[in-house]
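Below you'll find the structure, written out as structure tokens, and then a few comments.
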Amino acid sequence: MYNLSKGEMEYMSVNQGHFSKALAEWAIGRMRRKEGDKLVKINAVSISDTQKLLKDNNINLDDTYLYDAWYLHNMCLADYRKTLPENEDIAMYIDETINDPDGAPEMVLACFRAKMDVMGVPIYWERYL
């Protein structure tokens, strides 16, 4: 369980445990993928690219999950291209992650928070309201 700062409590209250556009932009901007021995910045996809991916694969998500899906889409491009080589695979991953029957609606952001904690990267929540 987390001890939430005042800024984090406010963020969670406003965003109901989901990514805001600003937080997703920051998280996506940090993403790198391994190419050979180097980490290189990914060619991030836009929100509209994510919406098109989901629509093309007949996946309908509530708007509450839009920025979560956008984050996941880019995370797949950074971390899972071998496992999820096709856009259809990425779309299914997004759908199954967000709709995980034994997960929680806030799971995508919670996993991101845990990654940042493990890496010792602070999140300045007030910036992302």
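Here, each number is a calculation from the coordinates, and none is a lab measurement. Treat the numbers as computed from the prediction; the structure is a model and nothing was measured. FYI the Cβ positions are ideal-geometry reconstructions off the backbone, even for glycines, and counts take in every protein chain you see.
Using θ = phi - 60° and the Karplus curve 6.51 cos²θ - 1.76 cosθ + 1.60, what whole-Hz ³J(HN,Hα) does each residue of region 31-44 get, with Gly and Pro shown as x?
Calculated HN-Hα couplings, in order: 6, 9, 10, 7, 10, x, 9, 10, 9, 10, 5, 6, 8, 5 Hz.
Just to compare against my own numbers: the Cα pair-distance distribution for region 16-128, 10 Å bins, whole % per bin, please.
Going from the shortest bin to the longest, the percentages are 14, 47, 34, 6.
Provide the net charge surrounding residue 21, with neighbours chosen by a C-beta distance below 13 Å and charges set as Lys +1, Arg +1, Asp -1, Glu -1.
The answer is -2.
Please order 89, 56, 37, 95 by the number of other Cβ within 10 Å, starting at the fewest.
37, 56, 89, 95
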